[in-house]
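Inspection log for the structure reproduced underneath, given as structure tokens.
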Amino acid sequence: MSLPRCNRPALAGAHLRAPVPAHVGVMALLLALTITPSLPAQILQKAPGAPATLTPAQQRAREIYREMVEINTVDSVGSVTKAAQAVAARFAAAGFPAADIHLLGPASAPTKQNLIVRYRGKGRGKPILLLAHLDVVAANRSDWPRDPFTMTEQDGYFLGRGVADDKSMAAILTANLLRYKQEGWVPERDLILALTADEEGGGDNGVSWLIANHRELIDAEYAINEGGGGTLQDDKPLFHSIQAAEKVYTDYTLTVLNSGGHSSVPRKDNAIYALASALTRIQAYTFPVELNDVTRPFFEQTAKVEMPSLAAAMKALVANPADTAAARVISTDPRYASMLRTTCVATRLTAGHANNALPQTATANVNCRIAPTSTSSQVKAVLERVIADSAVKVAGSRADRTDGAPGAINATLLHVTTQLTNSMFGGVPVIPTMSTGATDGYRLRAAGIPTYGVSGIFSSPGETNAHGRDEKLRIKSFYDGLAFLYELVKQVSSDSNRAFRSVP
């Protein structure tokens, strides 16, 4: 996904980096961008619990995991197709019919083919879709202390690009489907595995392409996806989340045009100053609180495991979303703040054409993560109002979302997740959550396929460093997720849980 699993609650007593004070101007931040600090090697704290010996099922899953990680699937230089072909070969060797293995994608993108595998059930119900993406964020060898495309095991962790986002999920779903086949287990309904391209970026998103061109291959009652998982405190499970909603990523381009001129004759109407003023106003603006049917129970449940001051604020805000004092307390944690509301932040700047000329053009990218109860056009209008300068033009990059407000979590999935969490992870709370980053789940939801992030993979907040150097995942967590999803998929596709219906 476009953000690691870090949209989870902060732990009680956690120390957070101090935020940039509101009075620090954009120009001061621009100066900071010229400083290039050295990057020390990341210090790893040993993670306990890695198994000393592996079961046959764990060994097979690890082999698949390693193979996936060690195939470079970066958008610009790698090949998702190569990874998809390797997985397809495993299904063919396991006896899956050729008619149920589909390697397909845009003809114009030969390195971005998607894999769809159908495991035939008894036809008693609509299929369940198991989704993971094979593409990864770029990783420069010079930035890493080791080859990012060689999976390494160290101090209780797997390390390598994609070990957390999202090849762990891809390997687990693949390994479990192969295991079902080997064991001769037949589900009540079909199971569909989709391993896709360009979730992290690029112009050939696999889910969008499949919806537009082969909807019949992935149509399902609902999908199980990345985006959820468990949080650890002091190496012990604290709670387990189900992602049931997410913000939508949208970029806005701010542009100021000017006739320019000679720098020896400066004028007040300077494109850079106008742009900097616009960004300062955006920096100072806070979007209103927007709770929904996922974030409301999220804060209700999280209050049970948070420190008293935050817990009290969460309870107060759920009772009254207009409680500005409670919102102010919750907003002291950036992760909670981002779940309260739409957020917008400047991420890129370009200006000028010569050192001795007044700038004729100044542009900035403002990246917004829009709450599911708002739209791109509404946020654009807010930005224009906040900037209040007709010289600054705002252009959006995404059409308004069509998936609507978050709905109910599938009751069978919630029931089974809760039961398995009780038996495997000590009965910690199961909490609905909204991702502040983006996954392909929003594409499926917009197409009418409810999508939930749930994995049984636990980590401490921020430790996976997905998208960064030394991306890692606890070895124990990978095998826990393997066991959890093995049971979850079996149980939600059985007749014994059919009595449940979707509940808020």
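Computed from the coordinates by the stated procedures, all read-outs in this text should not be read as laboratory data. Owing to the predicted nature of the structure, the values given are computational and were not obtained by experimental measurement. As a convention, Cβ positions derive from the backbone with ideal geometry for all residues, glycine included, and neighbour counts pool all protein chains shown.
Once you have all Cα-Cα distances for the chain, histogram them in 20 Å bins from zero and send the whole-percent values. For the chain, the pair-distance distribution reads 22, 55, 21, 2, 0. P(r) tail for the stretch 247-396: Cα pairs beyond 21 Å make up 53% of the total. So what's the gap between the Cα centers of the stretch 406-445 and the stretch 223-277, to the nearest angstrom? When both Cα centres are located, 26 Å separates them. Counting only lysines at least 8 places from LYS181 when in the same chain, those with an alpha carbon closer than 17 Å to its own are LYS122, LYS490.
Protection proxy ranking, highest mean first, for peptides 271-278, 189-196: 189-196, 271-278, where packing is the per-residue count of other beta-carbon atoms within 10 Å, averaged. Measure up LYS112/LYS380; LYS112/LYS393; LYS315/LYS476; LYS167/LYS247 against 26 Å on the Cα-Cα distance and list the ones that go over. Over 26 Å apart, Cα to Cα: LYS112/LYS380; LYS112/LYS393; LYS315/LYS476. For the stretch 404-504, the set of chymotrypsin sites (Phe, Trp or Tyr not before Pro) satisfying both a DSSP loop assignment and a count of at most 15 other C-beta atoms within 10 Å is given as PHE500. Pairs of Cα atoms under 8 Å, at least six residues apart: use those to get the relative contact order of the stretch 247-396, whole percent. For the stretch 247-396, the relative contact order is 43 percent.
Hydropathy first: keep DSSP H helices in the chain averaging at least -0.5 on Kyte-Doolittle, then drop any whose Cα extent along the axis falls short of 18 Å, and list what survives. Within the chain the helices that satisfy the rule are 80-93, 167-183, 271-284, 411-424, 475-492. Only helical runs count toward this figure. For the chain, summing -39,500 (n - 2.57) over DSSP H runs of n ≥ 4 and dividing by all residues gives -9500 deg cm²/dmol at 222 nm.
Distant-in-sequence amide contacts of SER459, defined by a placed amide H-H separation under 5 Å and a gap of 5 or more residues or a different chain, comprise GLY230, THR231, LEU232. Packing, as the average of other Cβ atoms within 10 Å across residues, places the peptides 394-404, 121-131 in the order 121-131, 394-404, highest first.
In this simple spin-label approximation, THR402 and THR150 carry label points 7 Å from Cα along the Cα→Cβ vector, and these lie 4.8 nm apart.
Net length available on complete extension from LEU103 to GLU487 is 135.5 nm, with 0.36 nm assigned per residue and the Cα-Cα distance removed.
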